Amino acid sequence: MSDNHILVERPDAQPGVLVIRLNRPEKKNAITTAMYARMTEALHEADNDAEIRAVAFLGTDNCFSAGNDMADFLTYAMGGGGRPSAADFLQALATCDKPMVSGVDGLAIGIGTTIHLHCDMTIASDRSLFRTPFVDLALVPEAASSLIAPRVMGHQRAFALLAAGESFSAEQAREAGIVWKVVSPDAVEAETLALAANLAAKPPHAMKIARNLIRGNGDDVLARMEEELVHFTAQLRSAEARAAFEAFMRR
Ligand code: COA
């Protein structure tokens with residue numbers, strides 16, 4: 001990984017906030033193994049540092065993320081790799097003890113959408129697009145999205161998103177309950193950082209208890225992630241998935 005594909009920052013203007021920024025715009029912020037590893041490390045850093053009281057995920061101009069790197073998917077499909085690299089990151093995401101917010105401007109595909117199901121509040125620009133083409137790629141939902149999405153948005157919308165691969169506009173995502181607020185593209189970053197700073201400024205112990213009460217203990221989320229992972233890993237190695245990845249790489 002180029003050293004700057006994931007930027008981890010502690011902005012002076014937002015004390016107590018750790019920013020994790022996807023920064024690979026030339027590949028639409030597609031996430032590689034190394035990028036997952038760096039984000040996992042950053043979440044552990046947030047968990048272990050009492051000075052960090054909120055985490056903010058951001059992308060770049062008009063792109064949050066095009067999801068998992070397709071070349072990495074193809075490597076798995078061809079028999080390379082062990083446990084998919086997203087797995088440890090997703091576990092760290094689901095168990096992170098600090099409030100998490102995210103700011104989306106533009107594309108949010110695959111894990112670029114499901115990451116927000118774990119965030120406590122998400123800001124999206126009005127040009128954002130949320131889509132999870134898992135089944136189109138012969139894959140299955142991940143990040144415990146098969147559990148969390150139906151709870152948040154009901155069966156029909158969860159099925160449309162996760163199985164039918166329908167795109168959700170920012171407004172549809174807000175109506176579905178996976179986005180807190182829709183703003184103009186130039187306001188995403190400032191609003192997301194202000195939100196994170198606001199959460200970071202609150203009494204941390206009370207925040208932790210409130211958050212745990214609202215989210216539950218998360219055992220069901222971790223169990224579903226593991227269940228999804230069994231299917232996801234098997235499908236990654238299927239002939240139908242390999243054909244889909246090769247078709248993308250050939251474009
Ligand atoms: N993995 C690896 N590279 C990716 C990528 C991904 N998930 N998504 C985009 N890229 C790369 C493209 O290959 C291209 O690289 P190149 O310039 O070296 O050819 C670059 O990013 C720009 O993408 P491009 O497809 O030209 O932009 P676009 O605006 O026409 O389309 C997308 C953007 C996101 C709609 C399209 O790239 C896409 O469908 N990507 C795959 C998304 C996906 O299915 N992710 C997995 C979900 S589980």
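Running a GNM on the chain with Cα contacts under 10 Å, which residue among Ile214, Ile109, Ile52 ends up with the highest mean-square fluctuation?
Evaluated over the chain, the most mobile residue of the options is Ile214.
Between Leu7 and Ser184, what FRET efficiency follows from the Cβ-Cβ distance if R0 is 30 Å, with the result rounded to 0.05?
Working: r = 23 Å, r/R0 = 0.77.
That gives a FRET efficiency of 0.85.
Whose amide H sits under 5 Å from the amide H of Cys63, counting only residues 5 or more places off or on another chain, with H placed in the peptide plane?
Asp105, Leu107
To the nearest 20 debye, what is the magnitude of the charge dipole of the chain about its Cα centre, counting +1 on the Cβ of each Lys and Arg and -1 on the Cβ of each Asp and Glu? Walk me through the numbers before you get to the answer.
Values: 24 positive and 32 negative charges, 59 e Å.
Around 280 debye, computed over the chain.
How large is ³J(HN,Hα), in whole Hz, for each residue of segment 13-22 in order, when computed from phi with the Karplus curve 6.51 cos²θ - 1.76 cosθ + 1.60 and θ = phi - 60°, using x for Gly and Pro?
Karplus values, whole Hz, x for Gly and Pro: 6, 10, x, x, 9, 9, 9, 10, 10, 6.
Reported to two decimal places, what Rg/Rh ratio describes the chain when computed on Cα atoms with Rh from the Kirkwood expression? Write out the running numbers ahead of the final one.
Details: Rg = 17.0 Å, Rh = 18.1 Å.
Here the Rg-to-Rh quotient is 0.94.
What lysines does Lys202 reach when the alpha-carbon gap must be under 16 Å and sequence neighbours fewer than 8 apart in one chain are set aside?
Answer for Lys202, where 16 Å is the Cα cut-off: Lys98, listed by chain and number.
At q = 0.21 Å⁻¹, work out log10 I(q)/I(0) for segment 129-199 with the Debye formula, treating every Cα as an identical point scatterer and leaving solvent out; two decimals please.
So the normalised log intensities are -0.90.
Using +1 at the C-beta of Lys and Arg and -1 at the C-beta of Asp and Glu, which of Thr114, Ala86, Leu129 has the Cα lying farthest in the positive direction of the dipole of segment 16-135?
Leu129
Tell me which residues come under 5 Å, amide H to amide H, from Lys28 once H is placed; ignore anything under 5 positions away on its chain.
Result for Lys28 returns nothing.
Each reported figure results from applying straightforward, stated rules to the coordinates on display, with no laboratory input. Owing to the predicted nature of the structure, the values given are computational and were not obtained by experimental measurement. Cβ coordinates were reconstructed from backbone atoms using ideal geometry, including for glycine residues, and neighbour counts include every protein chain displayed.
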